[in-house]
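The values are calculated or read from the model by the stated rules, or taken from the named source; none is laboratory data. Computed from a prediction, not measured in an experiment: that's the story for all the values here. Glycine also receives a Cβ, built like all others from the backbone with ideal geometry; neighbour counts cover every protein chain displayed.
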Ligand SMILES: Cc1cc2nc3c(=O)[nH]c(=O)nc-3n(C[C@H](O)[C@H](O)[C@H](O)COP(=O)(O)OP(=O)(O)OC[C@H]3O[C@@H](n4cnc5c(N)ncnc54)[C@H](O)[C@@H]3O)c2cc1C
Ligand SMILES: Cc1cc2nc3c(=O)[nH]c(=O)nc-3n(C[C@H](O)[C@H](O)[C@H](O)COP(=O)(O)OP(=O)(O)OC[C@H]3O[C@@H](n4cnc5c(N)ncnc54)[C@H](O)[C@@H]3O)c2cc1C
């Protein structure tokens, strides 16, 4: 009772990275709270799915398996969570801030009247004093999130209502296996007790989901381009450099909006968060929402023709020059001097 | 078949153009320094509503906005672009609401507005950024929701066909009406203001706005043209439970707020000569950052 539960998303039988990242964070929080880490998977043909989850330290896995539960639709999944939570009363529930988690989380939170904090960038355990009510709370979940377009960071708590619910974007937390042989208990839910036929009022009639082709999250080196790169043509220089030194290409939102790069490559508050060994920012001004997604890179090189670009303040090397001029020089040197 | 359509629209500070004076010394947001705008994705929502109205002659589009008295601007802006009317939900008691208390208040107002076929909102507001209000309104009204919509393709025989744009693809769904739909920024842009409508509605006012006017001429216009009266409702008007609105109806509490400042680093400055770039690359290879 009163454990921490992670809603695990699946696509084609694979648990989403963001769910594994949340299990990893959840494990740390559960250790602090001295409670169990639980996982909930809802879908179809879930045999063996636990093999993907146990290594991340889950003590219990709830499985809700039914043909009608995949692909995801809002109301049946909501009913499973709401009815299960009434039974097991988790203290914390975490989900991905994905198009599924952001559809499901608010509906569940409304039904249970428990607070939900969106897009947290950090989760901690701490105490809270309500000065007006003169009440002290121990072991609350601090839900830390940016708001106002990234200009402020707010710490939010849910003192009274349970579960304390939060969503987190992909790539924000690290994913780490606890032990390949970690084992817990599997509990198969009797679906008829959780959902009713009236939940099936939305039908998916067509679905085209592509597998992620790029993996900027895991790349040790990222060459990222902004609006200053100028064109899709010029972005080829970035692909060239990335291929040469063994990196991936990322982009700012302005570059994505301009059609220079795919959305999957967007880095920042509304894209992915990355922390590579080396981040080369080309023609990126360094607005707060972009920096939020790359500030933890070990080394940052900024290439910008504006000596006062904001990105320069967080860069280790500031190269004042144009992308067209600098990148070919880097490529040339590396090709000549590496074996 | 004509439709009754409700559009949820929020007035937001323009966080996309945050200047230096936008933050107060104590780290809180100086809302006064930011222009108040129609939440961008709510304009996409309004456009979807107007397209449905084009397809179904005789349909009505009503706006619903909750906010301070000045949010009446949202209703006028909607009328200028083709909406038929609207409601401003305003009361001190609504202040400090989190998304749950917001959606409770909106749901109370929607019940008062009467029958509806579809409620359309934006996916997300640019200040709170949570994308939670749409699904929560749907749950409070016990109706289905379709989020991340890019196009409401059609509504026929009590079913809406909707194209959704997700992170890695698209989905087409069929959902029973009435329902709540939230619309992405990737959907069609909203049509501009219509000059005739601007002419028609420029004096549209809420009761409190017209009380603040001691202009006899305006007063007489408002009396003779009932369509210029914008609805303004309070907690009492929508039969809302005081315990469930505003701060007291909000399970989430803001514990603290900090201004974001990034730690400036001591950077090495290069002008990008051949020699400098060669040296930099050499160093990066030598310390195994690359290669
Ligand atoms: C720093 C900070 C952080 C916050 N974090 C959270 C949090 O994590 N969880 C939480 O529950 N609350 C949070 N809030 C409170 C939240 O911002 C407010 O409840 C807000 O009124 C609604 O949320 P939103 O702006 O995120 O709207 P969203 O849910 O993003 O809005 C989605 C759509 O709902 C409709 N809509 C929303 N508000 C209105 C309205 N007033 N009138 C008409 N239509 C509307 C619009 O169509 C809009 O496009 C936070 C507030 C602040 C200041
Ligand atoms: C709620 C919200 C969320 C957001 N989320 C994100 C996000 O996740 N990620 C993100 O990136 N942004 C995000 N943004 C947008 C962000 O505010 C900026 O608009 C964006 O990051 C700017 O991109 P940019 O630096 O590429 O473009 P610009 O700001 O236009 O900068 C271009 C830069 O290129 C330089 N330049 C021009 N020509 C050259 C040349 N030939 N060689 C070298 N340099 C040159 C210029 O000096 C300038 O510094 C968000 C905004 C909001 C409001």
Qualifying positions in region B:165-178 - facing chain A (nearest Cβ under 8 Å) and under 24 Å from residue B:59 (Cβ atoms): B:172, B:173, B:174, B:175, B:176
Complete set of residues in region A:297-325 that are under 28 Å from the mean Cα position of the chain (by Cα) and within 7 Å of chain B (Cβ to nearest Cβ): A:299, A:312, A:313, A:314, A:315, A:316
Identity of the residue in region A:257-285, near ligand 2 (Cβ under 8 Å from one of its atoms) and under 21 Å from the mean Cα position of the chain (by Cα), that ends up farthest from residue B:260 (Cα to Cα): A:266
Subset tally (residues that are under 23 Å from the mean Cα position of the chain (by Cα), surrounded by fewer than 23 Cβ atoms within 10 Å (Cβ to Cβ) and outside any loop (DSSP other than H, G, I, E, B)) for region A:105-144: 8
The one condition in (1) within 16 Å of ligand 2 (Cβ to nearest atom); (2) at the interface with chain B (Cβ under 9 Å from one of its Cβ atoms) that residue A:106 fails to fulfil: (1)
Residues within region A:294-319 that are within 12 Å of ligand 2 (Cβ to nearest atom) and touching a residue at least 60 places away in the same chain (Cβ under 8 Å), tallied: 3
Filter pass, residue B:258 being at pLDDT 80 or above and within 14 Å of chain A (Cβ to nearest Cβ): yes
Those residues of region B:209-245 which are under 16 Å from residue B:69 (Cβ atoms) and surrounded by 13 or more Cβ atoms within 10 Å (Cβ to Cβ), in sequence order: B:209, B:210, B:213, B:229, B:230, B:231, B:232, B:233, B:234, B:235, B:237
Filter result for the condition that a residue is over 30 Å from residue A:11 (Cα atoms) and either free of Cβ contacts under 8 Å to residues at least 24 places away in the same chain or more than 24 Å from the chain's Cα centre (by Cα) (or both), over B:166, B:230, B:218: B:218
Region B:115-157, subset at positive phi and away from ligand 2 (no atom under 16 Å from the Cβ), residue farthest from the other protein chains (Cβ to nearest Cβ): B:157
In region A:155-179, the residues that are at the interface with chain B (Cβ under 10 Å from one of its Cβ atoms) and surrounded by fewer than 19 Cβ atoms within 10 Å (Cβ to Cβ): A:159, A:160, A:161, A:162
Subset of region B:107-135 [part of a helix (DSSP H, G or I) and more than 8 Å from ligand 1 (Cβ to nearest atom)]: B:107, B:108, B:109, B:110, B:111, B:112, B:113, B:135
